[in-house]
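The values are calculated or read from the model by the stated rules, or taken from the named source; none is laboratory data. Being a predicted model, the structure only gives us computed values, none of them experimental. Reconstructed Cβ throughout: ideal geometry from the backbone, glycine too, with neighbour counts over all protein chains shown. All accessible areas refer to the heavy atoms of the entire protein, side chains included, with ligands and DNA or RNA removed. Shrake-Rupley method; radii C 1.70, N 1.55, O 1.52, S 1.80 Å.
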Amino acid sequence: MQEVVPIPTTHGTPQYTRMADALGAKDSSVRLQAALAVGSNPDPGFLETLVERCAVEPDFFVRDMLSWALTRLSPEITLPRVRRELDSERAQARSQALHTLSKIGDPSAWAWITRDMLRDADDEVARTAWRVAVLLVPEGERKDLADELLLQLGRGDRSVQLSLSRALVDLGDAAGPALENAVAHPSPEVAAHARATLLLRQNPEAGFDAAVDEARRVVNLGPERAAAAAAQAEKPAATAEPAGAGELAEATVTAHAAKAAQAGETIEPAGATAATVTAHAAKAEEIAKAAQAEETAGC
């Protein structure tokens, strides 16, 4: 039979009392230094205090230091205690427990990440659950995780959507086909979020805000009109419109646009594409200026 070795602890000593008091001090810089000191000299006697402080600590940097201090302890004693926090009624306790699991990185913790956590009503808990799930998910379950995360498309503000997009991008090909299908979702918010995530997959350096703006533009205009507008924008300014059977119709559009420009209005003639109206708007401005010059000269 294996001998049970007692774990040494500072619990109840003056040193423990001083550190415990410092971890709960009013000044956040004092709490930060205390968490750093505890992590620099790991002692199992501080396990309970560190976990309890994670649940109530208001300062982000101190919380992160508390989690770091927990990673300095043996996973054999830390993981079971942190796992209990996943069922806490306090959202911060759940979120910080998940964050600590991500720092420890033990694959066995994957089994503790439930669908309820991935769908948690608290955005911070859900965001942290997405991150740790992507980190710990076994290869064979990546697609199932991607399908679950896709249900959250369109949720929350920019920071929440960015977290979800990063998680889906990190899942790689497991999320690709479902994301491509999601761009046709009837909800504009979901469709735009899916398209922005695909853009990030293609070009991670583009930036999330730019990807979201482009995705919303495509969703609002429709893929065909957005492509036509983009193609028109790329044409050299000196490119002449080809003469042909459509000349009269184009001249009509230009004339109407010119009159609208003089009146300070904008129009979109029936049957004209966004690219056509954009091109003739420039012509309209030139015609309007010429007409105004002629009127001035005749006065």
Qualifying position, being within 19 Å of the chain's Cα centre (by Cα) and among the charged types (D, E, K, R), among Arg115, Arg119: Arg119
Residue in region 124-144 that is touching a Leu at 6+ places or on another chain (Cβ under 6 Å), open to solvent by less than 70 Å² (accessible area, probe 1.4 Å) and at pLDDT below 95 present: no
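The rows are residues; the columns are (1) under 13 Å from Thr100 (Cα atoms); (2) crowded, with 18+ Cβ neighbours inside 10 Å.
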| site | (1), (2) |
| --- | --- |
| Leu32 | no, yes |
| Ala35 | no, yes |
| Gly39 | no, yes |
| Asp43 | no, yes |
| Phe46 | no, yes |
| Ala55 | yes, yes |
| Pro58 | no, no |
| Arg63 | yes, yes |
| Trp68 | yes, no |
Residue match in region 150-172 (condition: charged (D, E, K, R) and buried (at least 21 other Cβ atoms within 10 Å of the Cβ)): no
Output for region 87-123, where each listed residue is of a type outside the set (A, V, I, L, M, F, W, C) and open to solvent by less than 50 Å² (accessible area, probe 1.4 Å): Ser88, Arg94, Ser95, Gln96, His99, Thr100, Ser102, Gly105, Asp106, Asp120
